[in-house]
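Just so it is clear, none of the values below were taken in a lab; they were calculated from the coordinates. These numbers come from a predicted model, not from an experiment. Positions of Cβ are backbone-derived with ideal geometry, glycine not excepted, and every protein chain shown enters the neighbour counts.
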Amino acid sequence: MSDEHDIDPHGEVSVDRIRLADEYAGESARHGAVASTDVAEYAMRLGDDALVLAQHLGDWISRAPELEEDVALGNIALDLIGHARSLLHYAGTDTGRSEDDLAYFRDEPDFRNAWLFEQPNGDFAHTIARGLVASVYLVELYAALTESTDLTLAAIAAKSAKEVDYHRDHAIQWTVRLAGGTEESRRRMIVGIGDTWPYVEELFRDDELVERLAAQGVAVLPSSLRAGFDAMIADVFAEAKLELPTGRHAYIAAGGGRQGKHTEHLGPLLAEMQVLARAHPGASW
Amino acid sequence: MTSPADLSLVGREFSPEEAQFNDLIAEDSRIEPRDWMPDAYRKTLIRQISQHAHSEIIGMQPESNWISRAPSLKRKAILIAKVQDEAGHGLYLYSAAQTLGISREEMTDQLLEGKAKYSSIFNYTTPTWADMGSIGWLVDGAAIANQVPLCRASYGPYGRAMVRICKEESFHQRQGFEILLELMQGTEEQRRMAQESVNRWYWPALMMFGPPDDESPNSTQSMAWKIKRFSNDELRQRFVGMLVPQAEVLGVTLPDPNLKWNEEKQAYDMSEIDWDEFHEVIAGRGPANAERMRRRREAHENGAWVREAAAAYARKQAA
């Protein structure tokens, strides 16, 4: 048992879990690549999606249905913060702002996330439904973005692709389990999917910015990801014996997050996230 | 002949099983789940390991309070990783206790019904961000001082779980120290926030080592069984010895005017700990006892349908 004797009880500690030095994926950290205004705007959309979803998921930690889910949802939140940091760091190079300037000192109309990501946690089924849509979309997105002609975006996408693949597994397994578990869990899963589906459409909308960037091979056209998304969802729903929402739930939300228009859920989320940083402008933490 | 590890055996003949247990303890070997062990040893371990697991789980709450408001994305990521580690520690410890013949459900019920204890330190609240620093530096620091000797605990699954936990706790302590260091090098408001937080947590952290040696009823037997290796007061002294130079580096003042190295005793003199406060918090009258239990019950009850669904799905798959 000599290994245990070697641990110094006087608190000589080592940091082996996370390197405390900033860890950014991508070329910008290594080579100081600077994003153009268009690329910065695009990176901000992706970064805000990840950040806002991570902020919601953080609320589950210590409140999850079982300890294993405290760990799993925490892991997903942690991965998403990593993606957000890399993307916002890169987005900030255009205007000389840091990841924290962008996260903590922008107001609601300056956030570029799609509406899906700001939808509340709801019950566990809602969180899973939102996670399913998000992760199936993100797997398609990052797989395509690894081919980007922008080397920073390609590197961030390559790192993120492996992680969102795990997030997708997690969401699919729970979708199938809740749909096939008890009557109650199936009912809740169906409600969760119904409440989430209005926010699917916005994810796949093209606009002038992505069209310009896609023409240069930098961005992925959201509309090009729809077929892959639909195919995967069809497989999952077939296994879970679920159907795509119809009737009332076939409603499509207006969207507009990419232009800074948001639902009423984003403001309170940002107020909470930003409160301490804004109380001490210029402070270092 | 070695003296018996089980103090109830002093002065009588041992059975062969008892003799083997004593020998294993005497030679510093591990007791493993299939080995014979005295009932009282088993019960003591179940009590201690499950209390430790519960402490990890309840201990997630005061820190998760700041996940949503962490003042930078880097700090947010580190805090999530830390709270997530605590859930992981709870999981290994429940598993270690399960090897002694108790189920996770039973232990969870004992916690939720208020029959099992958890470390009373987690009944304190975290009003400022600096408390994330103090919890890491002082609370995790005290936990490490308590837990490192447990890596050598005679019961194998417990000792091995503790090795892993101690490695992660070291990281936690470091991140707490760094939070305070950053604050102490920051604005006047940040420095005040840090000092006030250290003032709040210092005494409760010292109480974590338990009552003074002459009032600690379970210690003697636990030391003979080699579950516990050092007395409460010995560990408390060591911990203070570790804090003093670190406080100097930080530039914070430890809130004890009588804290002084005593060359003759080779130990620190310190003020009397307010044990009335300790007993009040243990008795359920701390700053957040009710809130901690309410939140744990609420999470458990809100998650019941999810756990039932997972169990029902697993049964259908097995059929």
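Dipole size in debye (nearest 20) for region A:6-278 around its Cα centre, Lys and Arg Cβ +1, Asp and Glu Cβ -1?
Computed about the Cα centre, the dipole is about 540 debye.
Please compute, for peptide B:297-305, the average count of beta-carbon atoms on other protein chains lying within 10 Å of each residue's beta-carbon.
Rounded to a whole number, the mean comes out at 4.
If you take the square roots of the eigenvalues of the alpha-carbon gyration tensor of chain B and sort them as a ≥ b ≥ c, do you get rounded (a/c under 1.5), prolate (a/b over b/c) or oblate?
Oblate shape, in that a/c is at least 1.5 and b/c is the bigger or equal ratio.
Distance between Cα centroids, region A:124-197 to region B:86-164: provide it in whole Å.
Rounded to whole Å, the Cα centres lie 33 Å apart.
Nothing charged except the Cβ atoms of Lys and Arg (+1) and of Asp and Glu (-1): what's the magnitude of the dipole of the protein assembly as shown about its Cα centre? Round to the nearest 20 debye.
The dipole magnitude comes to about 880 debye.
Going toward the positive end of the dipole of chain B, with +1 on Lys and Arg Cβ and -1 on Asp and Glu Cβ, which of B:ILE121, B:GLY186, B:ILE227 do you reach last?
B:GLY186
Averaged over A:113-125, how many beta carbons belonging to a partner chain fall within 10 Å of each residue's beta carbon?
1
If R₀ is 45 angstrom, what is the calculated FRET efficiency for the pair B:ASP23 and B:GLU113, using the beta carbon separation as r and rounding to 0.05?
It comes out at approximately 0.70.
Once you put a point 7 Å from the Cα of A:LEU151 and another 7 Å from the Cα of B:ASP213, both along the Cβ direction, what distance in nm separates them?
Roughly 6.4 nm, to one decimal.
Is the shape of region B:107-179 best called rounded, prolate or oblate, per the rule: a/c under 1.5 gives rounded, else a/b larger than b/c gives prolate, else oblate, with a ≥ b ≥ c the square roots of the Cα gyration tensor eigenvalues?
oblate
Is the shape of region A:6-278 rounded, prolate or oblate, going by the alpha carbon gyration tensor and its root eigenvalues a ≥ b ≥ c, with a/c under 1.5 for rounded and a/b larger than b/c for prolate?
It is oblate, given that a/c is not under 1.5 and a/b is not larger than b/c.
If each of A:ASP101 and B:ASP256 carries a label point 7 Å out from its Cα toward its Cβ, how far apart are those two points in nm?
Here the modelled spin labels are 4.6 nm apart.
List the relative contact order of region A:6-278 as a percent without decimals, with contacts defined as Cα pairs under 8 Å and 6+ residues apart.
23 percent
Sorting B:TYR92, A:TYR251, B:TYR155, B:TYR41 on the 10 Å Cβ count, fewest up front, what's the list?
A:TYR251, B:TYR92, B:TYR41, B:TYR155
Suppose a student asked you for the relative contact order of chain B, using Cα pairs under 8 Å spaced at least 6 residues apart; what percent would you report?
Contact order relative to length: 18 percent.
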